[in-house]
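Colleague: This is the structure I have questions about; it appears just below.
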Amino acid sequence: MYWPVRLASILAAVGGCFLLDALARGVDDYARRLIVLAGIWVILSVSLNLINGITGQFSIGHAAFWQVGAYTAGYLSVTFHGKWGIDGLPWMILMMALGALMAAVAGLIVGLPSLRLRGDYLAIVTLGFGEIIRIVVQNQKPLGEAYGMNVQPKFQTVWLVWLMAIVCIAVCRNLLRTAHGLPFLAVREDEVAAGAMGVNVTQVKVTAFLIGSAFAGVAGALLAHYEGFISPQMFKMEQSFIILTMVVLGGTGSITGATIAAVALFYLPERLRDAPPVTGAALLGGLIGTIVAVVLVKRTVDRFHGPKIGAATRYIGSVVAGIVLSLALGAGFGMIPKLASQSFEAEKLRMVIFAGVLIILMLIRPQGILGTNEFSLDWVKSLLRKRKAVEA
Amino acid sequence: MSLLQLEGATIRFGGLVAVNNVSFSVEKGDLFGLIGPNGAGKTTCFNLITGVYKPTSGSIKFRGSELSGTPPNKVAQLGIARTFQNIRLFQSLTVLENVVVAAYLRHRVALPSALLYLPSAIAETERLKAEAMRLLEVLDLDRRAQVRSADLPYGMQRRLEIARAMATKPELLLLDEPAAGMNPQESDDLLLTVRQIRENFAMTVLLIEHDMRFVMNLCEKIVVLDHGIEIAQGPPETIRNHPKVIEAYLGEAV
């Protein structure tokens with residue numbers, strides 16, 4: 001039964017990517033670009049999760065590997081495309097492979113100090129490394145300095161990006177469902193004990209950095225050829241932090257968590273761009289309503305130990321109370337002419353809202369959306385079973 | 001040839017000589033005890049043997065070949081496994097997974113096969129899990145196999161540490177205060193378990209312990225350390241009546 005199942009799932013993955021590609025042809029360029037970028041963020045988030053979440057090496061320079069991949073592909077395409085007699089998909093595959101290779105070399109360079117550094121110290125080194133890469137690139141004439149460079153040919157497909165995202169997810173998942181993933185988790189849990197049990201800690205850490213940064217390199221090559229333009233501004237420290245936020249928010253070590261968080265965190269701020277402007281009254285009402293709802297939910301999280309169904313009713317109640325309060329207060333404040341006349345554009349508010357959502361999530365669910373769980377049918381079933389057990 | 005031989009093993013941390021010129025040899029099949037007051041350098045001795053520290057001078061030989069300078073994971077592969085005084089389980093992993101981590105040092109299938117989820121990697125995973133499960137049965141932990149190790153009761157965590165160390169299939173098992181914090185009943189059970197392990201798995205055991213009843217009942221040979229210096233060596237009867245040991249550690253009433 002192994003090969004039929006394996007082949008079917010591979011076919012389903014490839015087929016799903018082409019289906020998504022076909023569906024994406026029906027939407028406008030902006031929406032299609034969001035779908036592609038979401039896929040790229042998924043690769044970044046899931047690959048950082050391997051280093052950060054699964055192996056426990058606190059790296060916050062992931063954008064640097066992304067940049068290495070993007071510039072490798074970009075530079076090679078500009079310089080050599082058309083000279084080696086290949087084009088289209090084969091060229092793109094070659095660029096992804098070389099981008100991954102160069103990023104992996106960079107990963108090795110950062111991985112080596114990680115053998116001696118732990119926690120905060122490693123974080124500082126990776127952060128510094130990320131900045132070094134960006135600034136070095138920014139000063140290279142052939143790489144377009146701070147202006148960036150145009151990348152030709154463009155290769156704009158939805159399916160390839162999402163296929164790579166699926167490959168990245170599959171590699172991590174395969175690692176975790178075989179015994180080979182356990183040494184990685186053991187290093188995260190306790191390096192000394194892992195070493196004493198025969199785990200080659202050095203090798204595990206370097207492997208995690210190699211695989212993680214290689215996938216970031218693939219994401220870079222995909223980005224360069226989709227956008228047709230790359231600049232150092234696209235790989236700033238903030239990007240590393242957003243990838244890290246995705247990993248932490250999804251639940252450290254959870255692959256599905258990293259995936260869901262990547263799509264959510266990428267989509268939310270983008271979609272908020274289109275939101276209509278709000279009046280000062282609505283904003284103030286919404287703010288107070290949100291705070292009340294968060295306080296109520298937090299109280300349930302901290303103090304309620306009854307059955308799950310009771311907790312769920314309380315959560316829904318809190319949210320409904322927050323919404324009702326927001327609307328009521330919004331209408332009430334609307335009576336005040338000064339508040340009613342003031343208008344705020346969504347474009348300016350969106351990052352504030354983004355930050356607010358992060359703070360709320362960390363207050364209510366510090367272990368991340370999924371904690372260390374993976375989203376699966378078994379997990380949902382186990383939740384239901386627990387509920388029944390409590391009720392009984 | 002002794003299984004493990006320390007000759008003048010010494011380690012200094014700055015001005016402190018934690019282990020000073022300690023020599024003893026453990027023969028194959030021994031149940032060997034290492035005792036002494038707190039801070040005597042017992043755990044440091046374990047750290048020297050397992051490669052956590054490199055001795056400043058002296059030699060440590062395992063099956064006749066020099067150990068000092070060998071990294072901990074290589075020491076484990078050579079056939080020395082240990083438990084920790086302050087329990088160091090992989091807390092968020094399950095009981096079974098903890099043991100599989102240790103059994104993994106005998107893996108034969110390379111990482112790429114696992115990343116591709118090839119049948120060979122699946123078969124190996126099953127094999128290692130089955131091995132680990134057998135050990136859990138020996139230590140009576142099999143019914144808790146799927147529990148997160150941090151959620152186990154204290155006594156079981158100690159037993160899991162032993163199961164995990166045994167999963168590396170060592171020739172020499174180092175137990176660092178295996179009975180610490182156990183009640184008399186638990187420690188009696190542990191005594192039987194350790195004896196059983198030695199007989200069924202043909203293992204040599206070197207253990208550190210403060211519970212004198214436990215050590216005197218179990219061990220056939222004992223070394224006593226005080227302030228990093230070896231003050232006595234011999235069978236339990238000799239140790240019990242040794243004037244230096246009574247003065248430094250046991251006290252008059254034992």
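The values are calculated or read from the model by the stated rules, or taken from the named source; none is laboratory data. Computed from a predicted model, the values in this text were never measured in an experiment. Positions of Cβ are generated from backbone atoms using ideal geometry, with glycine treated the same way; all protein chains shown enter the neighbour counts.
Colleague: So, in the stretch B:45-62, exactly how many residues are out of contact with any helix residue (DSSP H, G or I) (no Cβ under 8 Å at 6 or more places or on another chain) and either within 12 Å of chain A (Cβ to nearest Cβ) or in contact (Cβ under 8 Å) with a residue 60 or more places away in the chain (or both)?
Modeller: 3
Colleague: If you don't mind, another one. Could you tell me which numbered condition residue B:88 fails, if it satisfies all but one of (1) farther than 30 Å from residue B:229 by Cβ; (2) at pLDDT 90 or above?
Modeller: Status for residue B:88: all satisfied but (1).
Colleague: If you don't mind, another one. Do we have any residue at all in the stretch A:151-168 that's within 14 Å of chain B (Cβ to nearest Cβ), over 16 Å from residue A:209 (Cβ atoms) and either surrounded by fewer than 23 Cβ atoms within 10 Å (Cβ to Cβ) or aliphatic (A, V, I, L, M) (or both)?
Modeller: yes
Let's see how each residue does on (1) part of a helix (DSSP H, G or I); (2) surrounded by fewer than 24 Cβ atoms within 10 Å (Cβ to Cβ); (3) within 14 Å of chain B (Cβ to nearest Cβ):
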| position | (1), (2), (3) |
| --- | --- |
| A:3 | yes, yes, yes |
| A:58 | no, yes, no |
| A:63 | yes, no, no |
| A:85 | no, yes, no |
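Colleague: Checking the condition under 20 Å from residue A:260 (Cβ atoms) and outside any helix (DSSP H, G or I), which residue from A:363, A:358, A:383, A:370 passes?
Modeller: None of the others qualify; the one that does is A:370.
Colleague: Could you tell me which residue of the stretch B:79-127 is farthest from residue B:170 (Cα to Cα), considering only residues that are more than 8 Å from chain A (Cβ to nearest Cβ) and under 14 Å from the mean Cα position of the chain (by Cα)?
Modeller: The selected residue is B:86.
Colleague: Test residue A:146 against the stated conditions and say whether it is in a helix (DSSP H, G or I), buried (at least 17 other Cβ atoms within 10 Å of the Cβ) and small (Gly, Ala, Ser).
Modeller: no
Colleague: Another question, if that's okay. How do the helices (runs of 4 or more DSSP H) wholly within the stretch A:176-229 filter down when requiring 2 or more residues that are over 23 Å from residue A:73 (Cα atoms), more than 10 Å from chain B (Cβ to nearest Cβ) and not hydroxyl-bearing (Ser, Thr, Tyr): which remain?
Modeller: It comes to A:201-227.
Colleague: Which one of these is of a type outside the set (A, V, I, L, M), exposed (fewer than 15 other Cβ atoms within 10 Å of the Cβ) and at pLDDT below 90: B:199, B:186?
Modeller: Unique residue meeting the criteria: B:199.
Colleague: Can you name every residue in the stretch B:172-196 that is under 15 Å from the mean Cα position of the chain (by Cα), in a helix (DSSP H, G or I) and farther than 16 Å from residue B:156 by Cβ?
Modeller: Once the filter is applied, which keeps residues that are under 15 Å from the mean Cα position of the chain (by Cα), in a helix (DSSP H, G or I) and farther than 16 Å from residue B:156 by Cβ, the stretch B:172-196 yields B:191, B:195.
Colleague: Next question, about the same structure. Is there any pair with a first residue in the stretch A:21-46 that is in contact (Cβ under 8 Å) with a residue 40 or more places away in the chain and a second that is among the charged types (D, E, K, R) and in a helix (DSSP H, G or I) whose Cβ atoms are under 6 Å apart and which are 6 or more apart or on different chains, and what are they?
Modeller: Filtered contacts from the stretch A:21-46: A:24/A:32; A:34/A:270.
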